[in-house]
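First up is the structure itself, then whatever we jot down about it.
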Amino acid sequence: MEKWFNVGKIVNTHGLKGEVRVISQTDFAEERYKVGNALFLFKEGQPKPLKLIITSHRKHKNFDLLSFEGYYNMDHVVQFKESMLKVPESYLGELDEDEYYFHEIIDCRVVTTAGEEIGTISEILTPGANDVWVVKGKRGKEILIPYIAEVVKDINVADKVITIEPMEGLLS
């Protein structure tokens with residue numbers, strides 16, 4: 001059985017020419033959204049995913065705007081709202097050393113170099129220069145960990161443990 005990975009959620013249409021607004025959930029957006037690449041649309045109530053070929057990609061505010069082959073106006077894509085875009089595991093390429101897919105990082109336990117357990121990574125934000133890992137703390141509080149060398153000291157995806165050296169004020 002094929003394993004699928006989230007790429008993004010279509011939240012709305014954009015304009016009249018068949019673009020959709022996507023809240024991206026992918027590790028390598030520029031690679032994933034290249035013109036000619038295929039994504040698979042999972043819509044509630046649909047038994048099989050719909051294969052879509054990307055014809056354009058651009059950034060607009062906090063969204064990725066995509067259009068697809070054969071869907072050239074708003075009426076064609078309005079049905080895609082609230083659907084998920086995914087790729088099968090076979091589409092995941094080999095990564096360089098010290099690169100990770102989001103699904104490898106999410107659900108990892110975070111501990112400090114002193115051995116204190118902080119919590120579990122629940123989400124990854126991609127706001128700009130570096131990713132930010134959202135850690136659900138032991139008391140339910142969310143802690144934001146920047147994915148930078150000064151903070152993240154070790155990533156062990158096999159054991160699902162990440163070791164950090166907290167900067168001053170990071171955990172308070």
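Summary table
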quantity: Tally, over segment 81-106, of residues that are under 22 Å from His14 (Cβ atoms) and either touching a Leu at 6+ places or on another chain (Cβ under 6 Å) or among the acidic types (Asp, Glu) (or both); calculated: 3
quantity: All positions within segment 158-172 that are surrounded by 11 or more Cβ atoms within 10 Å (Cβ to Cβ) and at pLDDT below 90; calculated: Pro166, Met167, Leu170, Leu171
quantity: Residue that is farthest from Asp98 (Cα to Cα) [pool: residues in segment 126-147 that are of a type in the set (A, V, I, L, M, F, W, C) and exposed (fewer than 13 other Cβ atoms within 10 Å of the Cβ)]; calculated: Leu144
quantity: Tally, over segment 89-117, of residues that are hydroxyl-bearing (Ser, Thr, Tyr) and part of a helix (DSSP H, G or I); calculated: 2
quantity: Candidate set from segment 122-146 (those that are within 13 Å of the chain's Cα centre (by Cα) and in a strand (DSSP E or B)); member that is farthest from Asn62 (Cα to Cα); calculated: Ser122
quantity: Identity of the residue in segment 19-69, in contact (Cβ under 8 Å) with a residue 60 or more places away in the chain and part of a loop (DSSP other than H, G, I, E, B), that ends up farthest from Lys9 (Cα to Cα); calculated: Asp27
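The values are calculated or read from the model by the stated rules, or taken from the named source; none is laboratory data. If you're wondering where the values come from, they're calculated on a predicted model, not measured in any experiment. Glycine also receives a Cβ, built like all others from the backbone with ideal geometry; neighbour counts cover every protein chain displayed.
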